[in-house]
Amino acid sequence: MALSTHRTTTALLRHLTPAISYLRHISTDSTSTITVETSVPFTGHKIEPPSRSVDTTAQELMSFFRDMALMRRMEIAADSLYKAKLIRGFCHLYDGQEAVAVGMEAAITRKDCIITAYRDHCIFLGRGGTLLESFSELMGRKDGCSKGKGGSMHFYKKEGGFYGGHGIVGAQIPLGCGLAFAQKYKNDENVTFTLYGDGAANQGQLFEALNMAALWDLPAILVCENNHYGMGTAEWRAAKSPAYYKRGDYVPGLKVDGMDALAVKQACRFAKEHALKNGPIILEMDTYRYHGHSMSDPGSTYRTRDEISGVRQERDPIERVRKLLLAYDIANEKELKDIEKEARKQVDEAIAKAKESPLPEPSELFTNVYVKGYGVESFGADRKEIRAALP
Amino acid sequence: MAAMLHTIGVASPVASGGVFPDHQSNKFAVSSLHSLPMIRSEARSNLSSLHESYRAGKLIAKAVATKGENAAASGASKPGHELLLFEALREGLEEEMERDPRVCVIGEDVGHYGGSYKVTKGLAPKFGDLRVLDTPIAENSFTGMGIGAAMTGLRPVIEGMNMGFLLLAFNQISDNCGMLHYTSGGQFTIPAVIRGPGGVGRQLGAEHSQRLESYFQSIPGIQLVACSTPYNAKGLMKAAIRSENPVVLFEHVLLYNLKERIPDEEYVLNLEEAEMVRPGEHVTILTYSRMRYHVMQAVKTLVNKGYDPEVIDIRSLKPFDLYTIGNSVKKTHRVLIVEECMRTGGIGASLTAAINENFHDYLDAQIICLSSQDVPTPYAGTLEEWTVVQPPQIVAAVEQLCHSNGRISCN
């Protein structure tokens, strides 16, 4: 009896399966709210931390997965390109920290500014940069975002509100406060996220800039991407107080699990509201990088492989979103694998295209040193006359 | 001077309040940007009239005196108005701030205090605390902040209370100010002006008497200019603010009280141009900033002795105006450089190299470069005097140059 019922049920189900997958596609695109609890609560310094419950949608979670898979793929591909000597110089990879980039993007608009240091490839992608621009720039080709003249540490995207891309540790912090100053000057209700690392957190200019930002209530959010190692020096060996979110003293701070994209999104949204009303706030993203500091650093001389694989197993940002997607039945294993394959394909295509992109012309050596001046040009000793042409 | 200017309609100022008003928040409409009244350099055609005016003995201003004795001689009928150099700087700054709401001032004690050399006096009450920003003592960061603001389109004028303090901001000036336009592939322009007084003052001590032009000159992407008279101070200030490139404007502590009559009409000077101070035939003397006045003092003695030196205030320290300088060298065949930088790695050293490379064939004698001694500026008055170039040394150098072939070859 039971058997025949089962067979009937199975037959029924077989007819229904297309319908179910159709339903699932609906829920994949649906914007109905899903509430997720972050794995770790927020810790506040001189501020009431936001709630652990984050509202998200299936669409958003899928976009997190897609974007992070693309970023992870890009960084791993950059690793291979570097070893193949197509990328030279310094190459600082972001894999492991993707949640910070996507979570931040989810909370803000392109009118808000982001400025960061040299670990900038994924944030560039998040701000609207393309894979082609990214790989071309890494390989020093003409189609790069900085025309091949910047390199890995100098990715910029003006239209996307991405202000770089800076090589000197900590120098981007005053720049970021300057961006916030301009936003306050123009009264345009936008904020600036200034990212720096746990190594840069010991720079004097951070505290100078923080003082000014707090003094003038600038809409600046200082985000410490604490991956616990300043190149080869662990945070406890470099900082007397590794509680970076507390080091603002008079400036409120929030400690966030930086491997959880939803927690990052919640914190950034909270910080944006705060900054627009009350001035600067510090966010400490507790994150981790799988690669070494840069491609010249194996990354295993100052930490154990067990530690790295431990974090990868327990806290990997992409795995976390994958589990969420599976748990809420937004997608199945195969679909997610397809997305990762698609990411790989996109990256491979972009690399192939970037390899075809030509190197910059020799004349490009001298372009963009100065902006062509105000109608008056001086050409040196063989200049025939000084001309002032009104533009 | 007035004869050389085209009459220019003054650009209508953009209304401005303390904080940039809401309704204009995304429209930095500066319609008058394109009607910039730029002085056309008519140096060549007006050389003769200049020559005549100098023959008549009308030197503009002298040394470090607080009273310009020639101002009265110019006569009350002359057009224009008289003011001191720091007032000229302020006038230029104020006009630009009225014209373009994106121009703002950032520095220590520029607002409520009015500026330690009074260059920004009265601007904070007029434009508000946000546009004339008093910063804490954090050169590295507020210079960085100014540059960050410039990346978004603001046009900050960053003041170093003394140029020497900007050494703390060297990273920001070199990497971010100078190089960002290049490393971003042209995406960002940094239309910032960095200005402040430098140079050897009156017993200010070693750290407050530094000449930073020599340290900054290698930085790619920035322009360096040095002002020396109220006329060129105002013109260069305005040009620097309007330039899309980062400009470092070097003022001198001892020149702030120079008085001169400047035109009422609006004018802007060319940042890359040198100024012909005194045309001549025998020797080219290249100088800038305060040394201009030591040179002019020496010129009085030289003229009495029968020499006819040509004095050029190079004004543009980076890039050099090799056109004007080259034409002068072709005429006189002898070059004397008088500068306040130190001998090693100074502006004079670079200029010597540039002239040797470009005009070697026109030189009849080795270039003489008179610079300050390679020592920290001492406090004691007499010692300080000996670190910088004094007029008798300039006279001796010219005599040496003109007699270098073993015969008096300057007549």
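To keep it simple, each residue is scored yes or no on (1) open to solvent by 90 Å² or more (accessible area, probe 1.4 Å); (2) in contact (Cβ under 8 Å) with a residue 60 or more places away in the chain; (3) touching a strand residue (DSSP E or B) at 6+ places or on another chain (Cβ under 7 Å); (4) within 14 Å of another protein chain (Cβ to nearest Cβ).
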| residue | (1), (2), (3), (4) |
| --- | --- |
| A:LEU325 | no, yes, no, no |
| A:ALA331 | no, yes, no, no |
| A:GLU335 | no, no, no, no |
| A:LYS345 | yes, no, no, no |
| A:ILE351 | no, yes, no, no |
| A:LYS355 | yes, yes, no, no |
| A:LEU365 | yes, no, no, yes |
| A:VAL369 | no, no, no, yes |
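Taking segment B:353-369 as the region of interest, how many residues are open to solvent by less than 60 Å² (accessible area, probe 1.4 Å), touching a residue at least 24 places away in the same chain (Cβ under 8 Å) and farther than 11 Å from B:VAL335 by Cα?
Selection size over segment B:353-369: 1.
Being surrounded by fewer than 22 Cβ atoms within 10 Å (Cβ to Cβ) and within 14 Å of another protein chain (Cβ to nearest Cβ) narrows it down to one of B:GLY148, B:GLY153, so name that one.
B:GLY153
Of the residues A:PHE124, A:PHE162, which is more than 9 Å from every other protein chain (Cβ to nearest Cβ), within 26 Å of A:ASP217 (Cα to Cα) and under 17 Å from the mean Cα position of the chain (by Cα)?
Just a single option satisfies the conditions, and that option is A:PHE162.
From the list A:PRO317, A:PRO360, A:PRO298, A:PRO391, which one is modelled with pLDDT of 95 or more and either under 30 Å from B:PRO191 (Cα atoms) or out of contact with any strand residue (DSSP E or B) (no Cβ under 7 Å at 6 or more places or on another chain) (or both)?
Of A:PRO317, A:PRO360, A:PRO298, A:PRO391, the one residue that is modelled with pLDDT of 95 or more and either under 30 Å from B:PRO191 (Cα atoms) or out of contact with any strand residue (DSSP E or B) (no Cβ under 7 Å at 6 or more places or on another chain) (or both) is A:PRO317.
Does B:SER141 count as among the hydroxyl-bearing types (Ser, Thr, Tyr), crowded, with 24+ Cβ neighbours inside 10 Å and farther than 26 Å from A:ASN211 by Cβ?
Spelling it out, it is not the case that B:SER141 is among the hydroxyl-bearing types (Ser, Thr, Tyr), crowded, with 24+ Cβ neighbours inside 10 Å and farther than 26 Å from A:ASN211 by Cβ.
Give the residue, chosen from B:ILE394, B:ILE337, that is closer than 22 Å to B:CYS227 by Cα, assigned to a helix (DSSP H, G or I) and modelled with pLDDT of 95 or more.
B:ILE394
Go through segment A:174-219 and give me each residue that's over 17 Å from A:THR109 (Cα atoms) and in a loop (DSSP other than H, G, I, E, B).
A:ASP198, A:GLY199, A:GLN203, A:TRP216, A:ASP217, A:LEU218
What's the number of the only condition in (1) open to solvent by 70 Å² or more (accessible area, probe 1.4 Å); (2) at pLDDT below 95 that B:GLY381 fails to meet?
Of everything listed in (1) open to solvent by 70 Å² or more (accessible area, probe 1.4 Å); (2) at pLDDT below 95, B:GLY381 misses just condition (1).
Name the one entry in B:GLY196, B:GLY235, B:GLY201 that is open to solvent by less than 10 Å² (accessible area, probe 1.4 Å), touching a residue at least 12 places away in the same chain (Cβ under 8 Å) and in contact with a Gly (Cβ under 7 Å, 6 or more places away or on another chain).
That would be B:GLY196, the only listed residue that is open to solvent by less than 10 Å² (accessible area, probe 1.4 Å), touching a residue at least 12 places away in the same chain (Cβ under 8 Å) and in contact with a Gly (Cβ under 7 Å, 6 or more places away or on another chain).
One line per residue, one yes/no per condition, for (1) acidic (Asp, Glu); (2) within 30 Å of A:ARG320 (Cβ to Cβ); (3) in contact with a Lys or Arg (Cβ under 6 Å, 6 or more places away or on another chain); (4) within 14 Å of another protein chain (Cβ to nearest Cβ):
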| residue | (1), (2), (3), (4) |
| --- | --- |
| A:PHE207 | no, no, no, yes |
| A:TRP216 | no, no, no, yes |
| A:LEU222 | no, yes, no, yes |
| A:HIS228 | no, yes, no, no |
| A:TRP236 | no, yes, no, no |
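Quick check, is A:ASP257 over 18 Å from the mean Cα position of the chain (by Cα) and either more than 10 Å from chain B (Cβ to nearest Cβ) or at pLDDT below 95 (or both)?
Spelling it out, it is not the case that A:ASP257 is over 18 Å from the mean Cα position of the chain (by Cα) and either more than 10 Å from chain B (Cβ to nearest Cβ) or at pLDDT below 95 (or both).
If you go through segment B:310-360, how many residues are within 12 Å of chain A (Cβ to nearest Cβ) and among the acidic types (Asp, Glu)?
2
If I go through segment A:258-282 residue by residue, how many of them are open to solvent by less than 10 Å² (accessible area, probe 1.4 Å) and over 22 Å from A:HIS92 (Cα atoms)?
So the count comes out to 10.
The values are calculated or read from the model by the stated rules, or taken from the named source; none is laboratory data. Computed from a predicted structure; not experimentally measured. Virtual Cβ from ideal backbone geometry, glycine too; neighbours counted across all protein chains shown. Just so you know, the surface numbers come from the protein's heavy atoms only, side chains and all, with ligands and any DNA or RNA stripped out. Shrake-Rupley method; radii C 1.70, N 1.55, O 1.52, S 1.80 Å.
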